[in-house]
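These notes are about the structure you will find just below.
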Amino acid sequence: MTKRALVLCSSTDGQTWRICERLRRMLEDAGAAVTLTMIDDAKDLAPAGFDLAVVGARIRYGRTDARVIDFARRHAATLEAMPSAYFSVNIVARKPGKDRPETNPYVGAFLRRVRWRPRRVEVFAGRLEYPRYGIFDRLVIRLIMRLTGGPTRADTVVEYTDWQRVEAFGRALCVDLAQGSGFSRSPGDGEP
């Protein structure tokens with residue numbers, strides 16, 4: 001029987017979507033039927049019909065998408081009872097010491113706001129692409145970068161995402177899916 005995986009994405013500038021696409025391909029290569037959808041389209045979608053649920057959330061101006069928080073709150077019990085994973089994509093994760101789930105402030109803030117404890121938690125640094133942003137976003141992001149020691153030139157494009165870590169996360173998800181409901185949490189897994 002084909003296993004079913006849900007990959008739910010919150011993305012503004014496309015980097016979280018690219019990561020979700022990579023995970024989708026890996027899960028499909030492992031034989032899963034994957035539903036990849038944006039959080040905007042998931043209002044009536046429930047994880048109960050899936051064997052694995054993965055939620056990828058972007059951070060914008062220091063906040064996790066409220067729709068992701070709402071989804072996690074509404075479906076906490078179901079997500080808790082199945083192999084599930086959460087990952088955050090943010091520019092802060094480009095910095096050593098903030099590049100792990102247990103040390104990234106946005107992962108911690110998300111987990112404090114929801115009851116769901118994903119069995120896998122990860123954080124990936126995003127992509128900075130000033131030429132693509134509108135005037136307001138460019139100004140705000142440049143100010144944030146100035147305050148945090150990041151690049152501020154208006155023509156800067158930097159890929160911070162460690163795709164090898166994304167691949168390792170994807171391989172772990174494939175193992176979780178194969179193990180199904182017999183999945184058992186290792187000590188420390190999924191805890192920030």
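The values are calculated or read from the model by the stated rules, or taken from the named source; none is laboratory data. Everything quoted here is computed from the prediction, not taken from an experiment. For neighbour counting, all protein chains shown are included, and Cβ atoms are generated from backbone atoms with ideal geometry for every residue, glycine included.
Looking across the stretch 1-48, the residues that are small (Gly, Ala, Ser) and assigned to a loop (DSSP other than H, G, I, E, B) come down to Ser11, Gly14, Ala30, Gly31, Ala32, Ala42, Ala46.
Determine if the stretch 121-132 includes at least one residue that is over 30 Å from Ala53 (Cα atoms) and crowded, with 16+ Cβ neighbours inside 10 Å. Within the stretch 121-132, one or more residues are over 30 Å from Ala53 (Cα atoms) and crowded, with 16+ Cβ neighbours inside 10 Å.
Could you tell me whether Gly149 is of a type outside the set (D, E, K, R), loosely packed, with under 11 Cβ neighbours inside 10 Å and over 21 Å from Arg18 (Cβ atoms)? The answer is yes for Gly149. Among helices (runs of 4 or more DSSP H) entirely within the stretch 95-192, having at least 3 residues that are at pLDDT 90 or above and among the basic types (Lys, Arg) singles out 135-148. Applying the criterion of being closer than 17 Å to Val55 by Cα and of a type in the set (Asp, Glu) to the residues of the stretch 143-176, the residue that is farthest from the chain's Cα centre (by Cα) is Asp176. Restricted to the stretch 99-120, and to residues there that are in contact with a helix residue (DSSP H, G or I) (Cβ under 6 Å, 6 or more places away or on another chain) and surrounded by fewer than 16 Cβ atoms within 10 Å (Cβ to Cβ), the residue that is farthest from Glu80 (Cα to Cα) is Arg113. Looking at the stretch 100-118, which of its residues are touching a residue at least 60 places away in the same chain (Cβ under 8 Å) and either under 20 Å from Leu173 (Cα atoms) or among the basic types (Lys, Arg) (or both)? Across the stretch 100-118, the qualifying residues are Pro101, Glu102, Val107, Leu111, Arg117, Pro118.
Yes/no per residue for (1) buried (at least 22 other Cβ atoms within 10 Å of the Cβ); (2) touching a strand residue (DSSP E or B) at 6+ places or on another chain (Cβ under 9 Å):
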| residue | (1), (2) |
| --- | --- |
| Arg22 | no, no |
| Met26 | no, no |
| Met38 | no, yes |
| Tyr61 | no, no |
| Thr78 | no, yes |
| Ala81 | no, no |
| Phe87 | yes, yes |
| Asn90 | yes, yes |
